[in-house]
Amino acid sequence: MTMLKIGVIGYGSRLRSLVQPSILGVFNIPYRIAAVADPRKDEIANCGDEVLKDCQFFADADSMLAEAELDGVMIGTHCNLHAELACKVARRNLPLFAEKPVAITFDQARELARVFADYKPP
């Protein structure tokens, strides 16, 4: 089985706990965190978290999505950013995990519906 390369947008406490082998590893699918996009990239890169070894660090999601080779993305930012970032991931046709709420306004919900209408990730 091939190792999935996962990108994380927003490496806060919730996503940090979810990507640990004790949680994400329960699916018995080989994975590694290949990239993290977070404005605190330098702090995160030096935090000593074992799950981030051999990881690329980016200051923003656009750079990560453009430069990193990924098999899927997890979003764990502030709630007001979930919809915008989910749409960016969908446009790259990558599998997505997003924290809730995915949208906080009706405009965001409509944009998600529009962008995800033809979403067919592998």
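Which of the helices (runs of 4 or more DSSP H) found entirely inside the stretch 1-101 contain at least 2 residues meeting this: of a type in the set (Gly, Ala, Ser) and modelled with pLDDT of 95 or more? Walk me through it before giving the result.
Numbers: elements: 13-18, 41-45, 61-67, 82-91.
Of the helices (runs of 4 or more DSSP H) lying wholly inside the stretch 1-101, those with at least 2 residues that are of a type in the set (Gly, Ala, Ser) and modelled with pLDDT of 95 or more span 61-67, 82-91.
Cβ-Cβ contacts under 6 Å between residues 6 or more apart (or on different chains), taken from a first residue in the stretch 22-41 that is over 23 Å from residue 88 (Cα atoms) to a second residue that is assigned to a loop (DSSP other than H, G, I, E, B), are listed as 30/1; 30/3.
Could you identify the single residue in 118, 107 that is in a loop (DSSP other than H, G, I, E, B) and over 14 Å from the mean Cα position of the chain (by Cα)? Outline the logic, then answer.
Numbers: 107 fails: in a loop (DSSP other than H, G, I, E, B).
Sole residue among the options that is in a loop (DSSP other than H, G, I, E, B) and over 14 Å from the mean Cα position of the chain (by Cα): 118.
You will find that of 66, 45, the residue that is among the small types (Gly, Ala, Ser), farther than 13 Å from residue 10 by Cβ, loosely packed, with under 14 Cβ neighbours inside 10 Å and without any contact (Cβ under 8 Å) to a residue 60 or more places away in the chain is 66 and no other. On inspection, residue 37 does not qualify as in contact with a Lys or Arg (Cβ under 8 Å, 6 or more places away or on another chain) and open to solvent by less than 50 Å² (accessible area, probe 1.4 Å).
The values are calculated or read from the model by the stated rules, or taken from the named source; none is laboratory data. Predicted model, so just to flag it, every value in this text is computed and none were measured. Counting neighbours? That spans all protein chains shown, and the Cβs are built from the backbone with ideal geometry, glycine included. Side chains are part of the model used for accessible areas, which takes the heavy atoms of the whole protein and leaves out ligands, DNA and RNA. Shrake-Rupley method; radii C 1.70, N 1.55, O 1.52, S 1.80 Å.
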